[in-house]
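The values are calculated or read from the model by the stated rules, or taken from the named source; none is laboratory data. Every value quoted in this text rests on a predicted model; they were computed, and no experiment measured them. No Cβ is skipped: glycine too gets one built from the backbone with ideal geometry, and neighbour counts run over all protein chains shown.
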């Protein structure tokens, strides 16, 4: 589990994912991540658990990360979003520009951004109560998780793979590089 400062060990995060899968969650939203180096491979522990999740009917959605300094530096998708079986979410602003800090798919298999969603200046519930305007791929990720939940409700017999495919097929293609936005802009049905 994560502490109030938003930090925690992988073991706690993995335990939380297992807990949600065991209780039949259709969608797990992870607004968290840790930097990875260029050329690094995805973590096998997360990938194995994400594969189990898919087999059990659960889609895991995770923030691609906020360690880029665009336009000059595009950092690789952070973990655990860099796992092939986890849906990685990039961040766009209201003008459909890439968020300056949104990570990109530069590390090959695993490490791709799958879809992009609004993530800059998003009004959100704030720690301690009330609301605040926040930015980052952690703000974009819940948009994707919410649309997946709508798709799951509308298609109760759909597998996790079917839900992912529906979500990605419904994305609005963008002119940005695929490494940054994947299938494109998230669209709600």
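Identify, by number, the condition in (1) closer than 19 Å to residue 34 by Cβ; (2) touching a helix residue (DSSP H, G or I) at 6+ places or on another chain (Cβ under 8 Å); (3) surrounded by 20 or more Cβ atoms within 10 Å (Cβ to Cβ); (4) modelled with pLDDT of 95 or more that residue 78 doesn't meet.
Residue 78 satisfies every listed condition except (2).
Report, by residue number, each residue of region 37-58 that is closer than 12 Å to residue 88 by Cβ and not in a helix (DSSP H, G or I).
42
Restricting to region 101-122, and then to whatever is at pLDDT below 95, surrounded by fewer than 19 Cβ atoms within 10 Å (Cβ to Cβ) and out of contact with any helix residue (DSSP H, G or I) (no Cβ under 7 Å at 6 or more places or on another chain), can you tell me which residue is farthest from residue 56 (Cα to Cα)?
108
What is the residue count in region 38-47 for residues that are without any contact (Cβ under 8 Å) to a residue 60 or more places away in the chain and farther than 25 Å from residue 142 by Cβ?
Filtering region 38-47 down to residues without any contact (Cβ under 8 Å) to a residue 60 or more places away in the chain leaves 43-46.
Imposing the further condition that a residue be farther than 25 Å from residue 142 by Cβ reduces the set to 44.
Final tally of qualifying residues: 1.
For (1) in contact (Cβ under 8 Å) with a residue 24 or more places away in the chain; (2) closer than 24 Å to residue 27 by Cα, each residue gets a yes or a no:
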{"site": "58", "(1), (2)": "yes, yes"}
{"site": "64", "(1), (2)": "yes, yes"}
{"site": "69", "(1), (2)": "yes, no"}
{"site": "72", "(1), (2)": "no, no"}
{"site": "75", "(1), (2)": "yes, no"}
{"site": "94", "(1), (2)": "yes, no"}
{"site": "99", "(1), (2)": "yes, no"}
{"site": "102", "(1), (2)": "yes, yes"}
{"site": "108", "(1), (2)": "no, no"}
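In region 2-30, what residues are surrounded by 13 or more Cβ atoms within 10 Å (Cβ to Cβ), at pLDDT 95 or above and in a loop (DSSP other than H, G, I, E, B)?
25, 26
Determine which member of the set 163, 168, 151, 174 is touching a residue at least 24 places away in the same chain (Cβ under 8 Å), within 18 Å of residue 114 (Cα to Cα) and out of contact with any helix residue (DSSP H, G or I) (no Cβ under 7 Å at 6 or more places or on another chain).
Unique residue meeting the criteria: 168.
Within region 124-133, work out how many residues are at pLDDT below 95 and assigned to a strand (DSSP E or B).
So the answer is 2.
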